[in-house]
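These notes are about the structure you will find just below.
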Amino acid sequence: MIDYDLVVVGGGPAGLAAALEAKKNGIERILILERDKYLGGILQQCIHNGFGLLYFKEELTGPEYADRFIKKLSGTNIDVKTGTMVVRINRKKEITALNSKEGLLFIKAGAVILAMGCRERTREAVRIPGDRPAGIFTAGTAQRYLNLEGYMPGKEVVILGSGDIGLIMARRMTLEGADVKAVLEIMPFSSGLMRNKVQCLDDFGIPLLLKHTISRINGKDRVESVIISKADENMSVITGTEKEIPCDTVLFSVGLIPENELSREMGLSLDKATGGPVVNELRETEVRGIFACGNVLHVHDLVDYVSEESEIAGRAAAAYIRDGLERREREIIVERAENINYIIPQKISFIDREREMIKFFMRVKRPEEDVRISIADGENKKLASYKRDLLTPGEMLVINFPEKLIKDNTEKIKMFIEKERR
Amino acid sequence: MPGKDIICILCPRGCRIKIDYNVDNSSVSNITGYGCQKGLDYGLEELHNPSRIITTTVRVKNGELPLLPVKTERGIPKDLIFPVMKEISNIEVEAPVRIGQIIKRNLLNTGIDLIAGRDILKYNGDEFPDKKKKGAEAPVIE
């Protein structure tokens, strides 16, 4: 059995930032396990720009953003095993992994950071009926083919889902000569960032059809057409609104799911709303010394937030290894009102007089305009309140909550959103 | 009087900026709908000189990866996006490539260079090239 102070599972933006931060906080024996051949994770195929505006205060492409961390890493003694798949982690922090050079590996860790990222939802997950010919991809798979491996996925494209990867791929396929016929979105609003809608669709005259979905895919060997339909507010197809669009390729950009097979197998409870483990403010799961950060915890829309969150986890893992964490006698539960989809962290477990703010990452269920986000204690006494002009499910909201507002006897805090009174 | 509608992309609010202008001297006669000074600047820039940074890939010879991600160092005028893509499609580079390296100077006489977006090492037949990098050696397991 190999022994490490810290093992980081995943070498994408979350794993890299977490490992570097733990190193910076004095941890010496760190190992990153990455299943792909290269570090950097999904950033390597995200060749578009728009990364780093918050974290580096400049605009970078995905590979450039990854490169900053990879270069930093190569100046350290952090060990990296690429091409290595973790198949099991248990609650005693024993990790089973395998690769084609060393075979089966058993690793004992003092602390573990889960940074496995997320996966795309597929056609099957959204149950689109029809034939099963070639030419149907998730947007991210098409992105990998096009940007990393050098294959053009198709020529006439219909994209289902207006998530950011779908919008980015609409532009990318267009630039490479494809005819993107339309992007369909079943909801009445785009789930992607505004700048992506404008720069990826409007710039190229690609129509975004809201409240539309694909009701059938046609094709024998290759996709030949899709039938599109209008959808009602329950996301059900309205019969009689069918229209056929000839195409040879269908891309699905219908959401991301944190990849938590390993977490589930070790029995961590997952939050239904995030799809990731339940964590406290230091991103520690319910098993002490096992942390989670990045898209494995909840799907972020900006990698900048992933880096920031992963540094929280990296610092916390370092403190855990050095036995430097002061736990509260009772954890504070973070509750949320109906119109909030999720809040990270779900609980507050530590006392830290030095930190000034606790940062909450949250998402609303539907767009809200001119509102106040408020935080109240168990007796419904308002502790803090934040005005926001516009909240959308596509843009993660960051709330800084002053540590000093938490009293020693606080048992829960509750977050809610209400219309701003004029 | 001709007008132009621009959706501001600087924040999630997505203000709809409406600009009326005179064709003769291309002066702006009226601009409304912006929410802040930055939005006003963005609207005027989009009217006078809309440009986009192009990110794409070029082929790599003898590299550990078949494609190199590249970007234009600055925004390319919007109407040159497809001509520039065509120009870039003819480029092939020889590995190794360093991030930041200029891949092509002065694309279509715009004065704008094409820049490499990552390192690509020469392919050396190793299945896991990362392990060759300094500081990234896998420990030998006894």
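The values are calculated or read from the model by the stated rules, or taken from the named source; none is laboratory data. Quantities reported herein were computed from a predicted structural model and do not represent experimental measurements. Note that we place each Cβ from the backbone using ideal geometry, even for glycine, and neighbour counts take in every protein chain shown.
Some values worked out for this structure:
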read-out: Residue in region A:375-388 that is outside the structural domain of A:SER191 (by TED's automatic domain parsing) and closer than 20 Å to A:HIS300 by Cα present; value: yes
read-out: Strands (runs of 3 or more DSSP E) within region B:44-142 that include 3 or more residues modelled with pLDDT of 95 or more and buried (at least 18 other Cβ atoms within 10 Å of the Cβ); value: B:55-61, B:67-72, B:114-116
read-out: The lone exception for A:GLY140 - which of (1) under 27 Å from A:ILE47 (Cα atoms); (2) exposed (fewer than 14 other Cβ atoms within 10 Å of the Cβ) it fails; value: (2)
read-out: Matching entry among A:GLY11, A:GLY26, A:GLY52 (being in contact with a Leu (Cβ under 6 Å, 6 or more places away or on another chain) and either basic (Lys, Arg) or surrounded by fewer than 22 Cβ atoms within 10 Å (Cβ to Cβ) (or both)); value: A:GLY52
read-out: Per-region count, region B:44-62, residues in contact (Cβ under 8 Å) with a residue 60 or more places away in the chain, within 11 Å of another protein chain (Cβ to nearest Cβ) and farther than 15 Å from A:THR61 by Cβ; value: 1
read-out: Filtered residues of region A:154-212 (kept if basic (Lys, Arg) and assigned to a loop (DSSP other than H, G, I, E, B)); value: A:LYS155, A:LYS211
read-out: Output for region A:228-247, where each listed residue is among the acidic types (Asp, Glu) and closer than 29 Å to A:LYS155 by Cα; value: A:GLU242, A:GLU244
read-out: Those residues of region A:46-96 which are in contact (Cβ under 8 Å) with a residue 24 or more places away in the chain, more than 22 Å from B:LEU114 (Cβ to Cβ) and charged (D, E, K, R), in sequence order; value: A:LYS72, A:ASP79, A:LYS81, A:ARG88, A:ARG91, A:LYS93, A:GLU94
read-out: Region A:129-153, residues that are farther than 9 Å from A:LEU251 by Cα and in a strand (DSSP E or B); value: A:GLY130, A:ALA134
read-out: From A:ILE348, A:ILE312, residue being under 27 Å from A:SER385 (Cα atoms) and either in a strand (DSSP E or B) or of a type in the set (S, T, N, Q) (or both); value: A:ILE348
read-out: Pairs with Cβ under 7 Å, 6+ apart, first in region A:394-412 and touching a residue at least 24 places away in the same chain (Cβ under 8 Å), second among the hydroxyl-bearing types (Ser, Thr, Tyr) and loosely packed, with under 13 Cβ neighbours inside 10 Å; value: none
read-out: Filtered residues of region A:39-54 (kept if more than 10 Å from chain B (Cβ to nearest Cβ) and at pLDDT 95 or above); value: A:GLY41, A:ILE42
read-out: Restricting region A:55-68 to residues that are surrounded by fewer than 21 Cβ atoms within 10 Å (Cβ to Cβ) and on the phi < 0 side of the Ramachandran plot, the residue that is farthest from the other protein chains (Cβ to nearest Cβ); value: A:TYR55
read-out: Candidate set: region A:81-100, residues that are among the aliphatic types (A, V, I, L, M), buried (at least 20 other Cβ atoms within 10 Å of the Cβ) and within 23 Å of the chain's Cα centre (by Cα); chosen: the one nearest to the other protein chains (Cβ to nearest Cβ); value: A:VAL86
read-out: Residue tally, condition within 9 Å of another protein chain (Cβ to nearest Cβ), of a type in the set (D, E, K, R) and over 21 Å from A:PHE106 (Cα atoms), over region A:69-80; value: 1
read-out: Hits in region A:275-298 (condition: in a loop (DSSP other than H, G, I, E, B) and either surrounded by fewer than 20 Cβ atoms within 10 Å (Cβ to Cβ) or touching a Lys or Arg at 6+ places or on another chain (Cβ under 9 Å) (or both)); value: A:VAL278, A:VAL279, A:GLU281, A:LEU282, A:GLU286, A:VAL287, A:ARG288, A:GLY289, A:CYS293, A:LEU297, A:HIS298
read-out: In region A:1-45, the residues that are free of Cβ contacts under 8 Å to residues at least 60 places away in the same chain, of a type in the set (Val, Ile, Thr) and closer than 17 Å to A:LEU262 by Cβ; value: A:ILE32
read-out: Residues located in region A:377-395, provided they are within 14 Å of another protein chain (Cβ to nearest Cβ), surrounded by fewer than 17 Cβ atoms within 10 Å (Cβ to Cβ) and under 20 Å from A:MET357 (Cα atoms); value: A:LYS387
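Yes or no, residue by residue, for (1) without any contact (Cβ under 8 Å) to a residue 12 or more places away in the chain; (2) out of contact with any Leu (no Cβ under 7 Å at 6 or more places or on another chain); (3) under 28 Å from A:GLY276 (Cα atoms):
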| site | (1), (2), (3) |
| --- | --- |
| A:THR141 | no, yes, yes |
| A:SER162 | no, no, yes |
| A:GLY166 | no, no, yes |
| A:MET169 | no, no, yes |
| A:GLU185 | no, no, yes |
| A:SER191 | no, yes, yes |
| A:VAL198 | yes, yes, no |
| A:PRO207 | no, yes, no |
| A:THR213 | no, no, yes |
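Every residue, every condition in (1) in contact with a Phe, Trp or Tyr (Cβ under 9 Å, 6 or more places away or on another chain); (2) more than 27 Å from B:SER51 (Cα to Cα); (3) surrounded by fewer than 21 Cβ atoms within 10 Å (Cβ to Cβ); (4) within 14 Å of chain B (Cβ to nearest Cβ), yes or no:
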| site | (1), (2), (3), (4) |
| --- | --- |
| A:ARG127 | no, yes, yes, no |
| A:ARG132 | no, yes, yes, no |
| A:TYR145 | yes, yes, yes, yes |
| A:GLU156 | no, no, yes, no |
| A:LEU167 | no, no, no, yes |
| A:MET173 | no, no, no, yes |
| A:LEU193 | no, no, no, yes |
| A:LEU201 | no, no, no, yes |
| A:LEU209 | no, no, yes, no |
